[in-house]
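See structure below.
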Amino acid sequence: MQRRSFLVISAALVTAACGATTTAPTLGPDGKPLPRAYRIAPGSGAKIEYRMLDSVNALRQARGVPPLSLNAKLNAAAATHSRDMSVQNRPWHFGSDGSSPIDRVQRVGYTGRLVGENISETYETELETLAAWMEDAPTRNVILDESARDLGFAWYQEDNGKIWWTLVTGAPSLAPTPGEGLPS
């Protein structure tokens, strides 16, 4: 009896699958599928951070440079800037208070040297954003700089789906960021 029930249910599932329709992607004027907004699911933050870290380290390994480690202080600096870019509604390296990337890593207590900061305003995934950064020499250099050892990575997604990505690299064993320890 169980076997008969299993066969009937299996046949019904196969029949349903055969009749299922798939939605064709919407095509742009060039005939290619139009991009869809990437929605970051609640609770997927660690997965995204480590996917970026693993991808960056794979690129660094291919180049023969040491891997990076996630750094909580640099993550905090990146998160602050991602949200601030959204408030300003423009991707640039200066905060609404006039802060620079150097200021932001100092504020969170990072004692190493800032190597660089990459930013993006997009509806794309973190890996599509990384691919775009790798196509441009200045942003690629931030990712592949052999002095870097620490990575900060964060984002802010607006209700409309727009994502503000920030990637920060640092070198903890090098001299501190210029101006560190000086009165503000």
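The values are calculated or read from the model by the stated rules, or taken from the named source; none is laboratory data. Bear in mind that the values here come from a model prediction, so they are computed numbers and not experimental data. Note that each Cβ is placed from the backbone with ideal geometry, even for glycine, and that neighbours are counted across all protein chains shown. These area figures cover heavy atoms from the full protein model, side chains too; ligands, DNA and RNA do not enter into them. Shrake-Rupley method; radii C 1.70, N 1.55, O 1.52, S 1.80 Å.
Go through (1) at pLDDT 95 or above; (2) in contact with a Gly (Cβ under 8 Å, 6 or more places away or on another chain) and name the single condition Tyr123 misses.
Among (1) at pLDDT 95 or above; (2) in contact with a Gly (Cβ under 8 Å, 6 or more places away or on another chain), Tyr123 violates only (1).
Exactly one of (1) in a helix (DSSP H, G or I); (2) over 19 Å from Met52 (Cβ atoms) is unmet by Gly109. Its number?
That leaves (1) as the condition not met.
Determine the pairs where a residue that is at negative phi and open to solvent by 60 Å² or more (accessible area, probe 1.4 Å), located within segment 138-162, has a partner that is charged (D, E, K, R) and modelled with pLDDT of 95 or more with Cβ atoms under 8 Å apart, the partner being 6 or more residues away or on another chain.
Partner pairs satisfying both residue conditions: Tyr156/Arg83.
I need the full set of residues from segment 100-141 which are farther than 19 Å from His81 by Cα and in contact with a Phe, Trp or Tyr (Cβ under 9 Å, 6 or more places away or on another chain), in order please.
Scanning segment 100-141 gives Glu128, Arg140.
Of the numbered conditions (1) free of Cβ contacts under 8 Å to residues at least 60 places away in the same chain; (2) part of a loop (DSSP other than H, G, I, E, B); (3) touching a helix residue (DSSP H, G or I) at 6+ places or on another chain (Cβ under 6 Å); (4) of a type outside the set (Phe, Trp, Tyr), Glu117 fails exactly one; give the number of that condition.
Checking Glu117 against (1) free of Cβ contacts under 8 Å to residues at least 60 places away in the same chain; (2) part of a loop (DSSP other than H, G, I, E, B); (3) touching a helix residue (DSSP H, G or I) at 6+ places or on another chain (Cβ under 6 Å); (4) of a type outside the set (Phe, Trp, Tyr), the one that fails is (2).
Identify the single condition in (1) under 18 Å from the mean Cα position of the chain (by Cα); (2) open to solvent by less than 60 Å² (accessible area, probe 1.4 Å) that Gly109 does not satisfy, given that it satisfies every other one.
Every listed condition holds for Gly109 apart from (1).
Can you name every residue in segment 79-114 that is without any contact (Cβ under 8 Å) to a residue 24 or more places away in the chain and touching a His at 6+ places or on another chain (Cβ under 9 Å)? Please lay out each step first, then the result.
Start the filter on segment 79-114 by keeping residues that are without any contact (Cβ under 8 Å) to a residue 24 or more places away in the chain, which leaves 84, 87-89, 94-100, 103.
The answer is Gly95, Ser99, Ser100.
To keep it simple, each residue is scored yes or no on (1) at pLDDT below 95; (2) farther than 17 Å from Ala171 by Cα; (3) not small (Gly, Ala, Ser).
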position	(1), (2), (3)
Arg60	no, no, yes
Ser69	no, no, no
Asn75	no, no, yes
Ser82	no, yes, no
Arg90	yes, yes, yes
Pro101	no, no, yes
Thr111	yes, no, yes
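If you scan segment 85-102, which residues turn out to be farther than 14 Å from Leu114 by Cα and surrounded by fewer than 17 Cβ atoms within 10 Å (Cβ to Cβ)?
Across segment 85-102, the qualifying residues are Val87, Gln88, Asn89, Arg90, Pro91, Trp92, Phe94, Ser96, Asp97, Gly98.
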